[in-house]
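Engineer: Once you've had a glance at the structure underneath, I'll fire off some questions.
The numbers here are math on the coordinates, done by the rules we state, and not lab data. Not measured: the values here are computed from a predicted model. Because the Cβ atoms are built from the backbone with ideal geometry, glycine has one as well, and the counts that use them run over all protein chains shown.
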Amino acid sequence: MPLYSVEGIVLRTREYGERDRLVTLVDRDGTRRTVLAKGVRRPRSSLAAGVQPYTYSRFLLWKGRSLDGVSQVQVLDAHAGLRGSLEALAAAAYVAELAEAFTHEGAPSPGVFPVLLAVLRGLAAAPADRVAQGLWLRHAELRLLDLAGLGIQLEACQDCGRPLVLPQGRGAGGGPPAPAPGEGALPAGYSAEMGGALCRRCRPGRPAALSLDPATWQVLRLAGRLNPQLAARLRPAPATLARAAEVTQTHLVYHLGRPFRSAGILAILDEAAMPPAGPPAPGASAGR
Ligand SMILES: [Zn+2]
């Protein structure tokens, strides 16, 4: 049987027959592949570790008539940090579901693999950090939407076209100059229909738009270019992070036409972790 080798990340597995599993993975080109791991449910199977969900592995695959299968597998990164935390595992499940939605069986989706790897690494590195977790999930959503040409437009008002800026006194280091008083192309809304942010002047004309305050707007912009250092440094208030999630998930559902199963599980975990409702903590603000 002809053999070939790919590196990829396991998105999910499902039982097949008595002892086998079907493994869905995304390879480095962003090609989604469903392959058969024969005998993997037997005790001491040499394939078991490498085909665990969210594991980055090097696969030696055999070419089958209708389905290819795993001959050997070597773990490159198990992302072991994920396994100790229910929230981190739920977050990884959501990212895997997203990656599956933005890839195609047997055809490449360039750019998806590095996003998936960076996000799983970020989640595994800080499994107990709910803020970093939220930022990595927004990063996954924003980047995958961008790659698919469906990105959330944040830099200019999607109605009047003026560039959006932070309020005066909160200059985004090296960013565009703040608007003069009264001029204000300040971000104020998000419209799924318009594909992105709206300024304070245009927002009232779009009653269906969500509110998008400057702190949430800035968190979304920074989440789009997240890296491990930034994830550790940004400390947005939980409410800001929750509003950012509302925007990205509204955008996803609008463009993909369906909600994500694991997003619902994450929302339940988030609610369980939220402090009881009360006045906001003093000094709570978005990270800069
Ligand atoms: Zn406008």
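Engineer: Which residue fluctuates most in the GNM of the chain (Cα springs below 10 Å): Gly257, Gly84, Gly195?
Structural biologist: Highest fluctuation of the listed residues: Gly257.
Engineer: Enter the mean projected area of the convex hull around the alpha-carbon atoms of the chain, in nm², rounded to one decimal.
Structural biologist: 17.1 nm²
Engineer: Right, here's the next one. Report ³J(HN,Hα) in whole Hz for each residue of segment 29-44, in order, from the Karplus equation J = 6.51 cos²θ - 1.76 cosθ + 1.60 where θ = phi - 60°; Gly and Pro get x.
Structural biologist: Going residue by residue, I get 7, x, 8, 8, 10, 10, 10, 9, 9, 6, x, 5, 8, 6, x, 6 Hz, with x marking Gly and Pro.
Engineer: Report the residue, chosen from Ala156, Ala231, Ala272, that carries the largest GNM mean-square fluctuation when the chain is represented by alpha-carbon nodes joined by springs under 10 Å.
Structural biologist: Taking springs between Cα atoms under 10 Å, the residue moving most is Ala272.
Engineer: Additional query: Arrange the peptides 41-48, 85-92, 26-33 so that the one whose residues have, on average, the most other Cβ atoms within 10 Å appears first.
Structural biologist: 85-92, 26-33, 41-48
Engineer: Between Ser66 and Glu246, take the C-beta separation as r, use R0 = 41 Å, and let me know the FRET efficiency to the nearest 0.05.
Structural biologist: Efficiency at R0 = 41 Å is approximately 0.45.
Engineer: Over all directions, how big on average is the projection of the convex hull of the alpha-carbon atoms in segment 56-112, in square nanometres?
Structural biologist: Average of the hull's projected areas for segment 56-112 equals 5.1 nm².
Engineer: Grab the DSSP H runs of the chain that are 4 residues or longer, score each as -39,500 (n - 2.57), total them, divide by all residues and round the 222 nm result to the nearest 500 deg cm²/dmol.
Structural biologist: Per the formula, -11000 deg cm²/dmol.
Engineer: Can you tell me, using C-alpha contacts under 8 Å and at least 6 residues apart, the relative contact order of the chain as a whole percent?
Structural biologist: Result for the chain is 14 percent.
Engineer: Kindly state, to the nearest 0.05, the FRET efficiency for His104 paired with Ala48, given R0 = 22 Å and r defined as their beta-carbon distance.
Structural biologist: 0.20
Engineer: Run through segment 198-230 and list the trypsin sites (Lys or Arg not before Pro) located in a DSSP loop whose Cβ has at most 14 other Cβ atoms within 10 Å.
Structural biologist: Passing sites in segment 198-230 are Arg225.
Engineer: I need the semi-axes of the equivalent ellipsoid of segment 1-81: take the C-alpha gyration tensor, multiply each eigenvalue by 5, square-root it, list largest first in whole angstrom.
Structural biologist: Sorted largest first and rounded, they come to 17, 16, 11 Å.
Engineer: So, one more: Grab the beta carbon distance between Leu230 and Ala148, set R0 = 22 Å, and tell me the FRET efficiency rounded to 0.05.
Structural biologist: That pair, Leu230 with Ala148, gives E of 0.40.
Engineer: Using 14 Å as the cut-off for backbone N distance, which residues of segment 103-137 belong to the label zone defined by a point 7 Å from the Cα of Asp29 along Cα→Cβ?
Structural biologist: Label zone hits: 104-113.
Engineer: Using a Gaussian network for the chain with springs between C-alpha atoms less than 10 Å apart, which of these wobbles most: Ala245, Ala99, Ala208?
Structural biologist: Judging by the Gaussian network model, the answer is Ala208.
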